[in-house]
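This report concerns only the one structure given below.
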Amino acid sequence: MKATSHTDPDFRKTMKRLQDALQQVFGVSGFTAALTGSGSWGGEVACMNFLDPTKKALVLSGGLFGARLAEMARLRGAQVHVVELTGEGKVPWGLLGDALHSVKPDLFFCVHVDTSTGTMVPVHEVLEFVRNASPYTLSVVDTVAPAGNVPLHLEGLADYAFTASQKGLSAPAGLAPIALSARGLSHARPASWYGDLTRIWEFWERGKYHHTPAVSLIEALERATARVLEEGIPRREKRSKEAYAFLREALRGDFDFPPEEVAAPTVAVLFPKRESPEAVLARLEASGFRVAPGIGPTAGKAVRVGLFGSQAEAVQDLVEALLGVGA
């Protein structure tokens with residue numbers, strides 16, 4: 001692997017190509033960048049720039065990662081209000097509207113796909129609802145699971161969005177790509193030097209030194225994102241949806257799933273009917289598959305399968321291994 005200096009003019013060109021590609025991934029025309037850190041750092045940066053003890057945050061939560069954003073906001077000293085999805089994973093529009101009216105939040109958080117439960121919210125409807133009901137509220141969206149596999153089109157809807165390099169973009173872990181609107185940048189009041197969005201903007205847009213970036217990770221992400229766009233996000237979405245539909249149909253008698261109308265095609269959460277999730281995980285690993293256990297509300301109840309990018313192509317082999325469980 002060729003070593004590249006972060007001061008190399010060619011690396012600056014790589015950064016610019018990545019920014020242009022991330023605009024297409026997020027569906028925005030404004031500022032994009034890749035923060036050095038995991039997807040969780042992308043969420044915490046929002047809290048460190050937009051919240052303080054005088055601010056109020058409203059979180060639409062559908063699982064562990066909504067709860068995590070609420071915890072981050074509380075650690076900033078903000079007043080935090082949470083609206084939970086229904087037991088069927090649907091948006092409680094009446095409760096959300098009431099909360100927007102009564103709380104008058106400075107910041108609204110939404111997780112597009114919560115991988116702990118495999119549920120997907122209708123993010124455009126939610127963001128439009130928030131913008132109409134509370135136009136002064138900034139909106140932050142966690143797109144860790146869908147980015148690169150689902151068209152996002154967040155222009156004019158989200159003030160800040162973040163994802164992670166290792167999921168739908170199929171790059172090494174360690175970067176948190178972000179999109180930041182002009183309105184979001186104007187509201188940034190950073191409480192973190194390293195996570196200061198104004199300094200990060202100057203670094204990416206004007207080349208003003210801020211920190212030493214993760215050069216090799218950025219180069220890898222630029223190439224991976226270029227491959228995503230070359231294939232086309234709609235095509236990748238179609239593949240994930242087809243893989244998920246195949247998985248549900250093939251396993252219908254042996255596993256339960258979240259309700260189909262709220263299920264995310266990028267993350268399949270499977271609830272075994274006849275044996276424990278631990279037994280399923282152990283037997284899958286013995287067959288050469290490594291999938292994740294349930295976390296948060298699905299801990300000890302489910303196994304989770306990522307259907308990002310090329311992983312969706314292995315779904316038939318996965319089904320054969322799952323149907324062999326207990327045989």
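The values are calculated or read from the model by the stated rules, or taken from the named source; none is laboratory data. Values in this document were obtained by computation on a predicted structure and should not be read as measured data. Heads up, the Cβs are rebuilt from the backbone with ideal geometry, glycines too, and the neighbour counts pull from every protein chain shown. For accessibility, only protein heavy atoms count, side chains too; no ligands or nucleic acids. Shrake-Rupley method; radii C 1.70, N 1.55, O 1.52, S 1.80 Å.
Here are the numbers for this structure:
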quantity: Cβ-placed point charges (K, R +1; D, E -1), dipole of the chain about Cα centre in debye, nearest 20; calculated: 580 debye
quantity: Residue-level accessible surface for S240, protein heavy atoms, 1.4 Å, Å²; calculated: 0 Å²
quantity: Inter-part distance where region 25-99 and region 261-282 are each reduced to a Cα centre, Å; calculated: 26 Å
quantity: Cut-off under 5 Å, modelled amide H: who pairs with E84 long-range; calculated: S61
quantity: Vicinal HN-Hα couplings computed from phi for region 28-34 (Karplus, 6.51 cos²θ - 1.76 cosθ + 1.60; Hz; Gly/Pro x); calculated: 9, 10, x, 6, 9, 6, 10
quantity: DSSP loop GluC sites (Glu not before Pro) with at most 16 other Cβ within 10 Å excluded, longest remaining stretch of the chain; calculated: 156-259
quantity: Length gained when the stretch R227-S29 is fully extended (0.36 nm per residue, less Cα-Cα span); calculated: 69.3 nm
quantity: Estimated inter-spin distance, A173 and V82, nm [label 7 Å along Cα→Cβ]; calculated: 2.4 nm
quantity: Fraction of accessible area attributable to carbon and sulfur, the chain (%, probe 1.4 Å); calculated: 52 percent
quantity: Inter-probe distance in nm under a simple model that places probes 7 Å from Cα toward Cβ, at I295 and K90; calculated: 2.9 nm
quantity: For Rg and Dmax of the Cα atoms in Å, calculated from these coordinates, the label among (1) 35.3, 123; (2) 28.2, 110; (3) 19.9, 61; calculated: (3)
quantity: Calculated FRET efficiency for the pair K273/E205, C-beta based, R₀ 51 Å, to 0.05; calculated: 0.45
quantity: Backbone HN-Hα couplings from phi across region 269-274 [Karplus 6.51/-1.76/1.60, Hz, Gly and Pro as x]; calculated: 9, 10, 9, x, 8, 10
quantity: Stretch gain in nm, segment R17-D52, where the contour uses 0.36 nm per residue and the Cα spacing is subtracted; calculated: 9.2 nm
quantity: Rounded accessible area per residue of region 11-125, 1.4 Å, Å²; calculated: 37 Å²
quantity: Gained length - E125 relative to W193, 0.36 nm times residue gap less alpha-carbon distance; calculated: 21.0 nm
quantity: Of K238/K301; K16/K104; K13/K56; K56/K90; K241/K273; K55/K90, pairs whose Cα-Cα distance is over 30 Å; calculated: K16/K104; K13/K56
quantity: Choice from A191, A158, A33 with maximal GNM fluctuation in the chain (Cα, 10 Å cutoff); calculated: A191
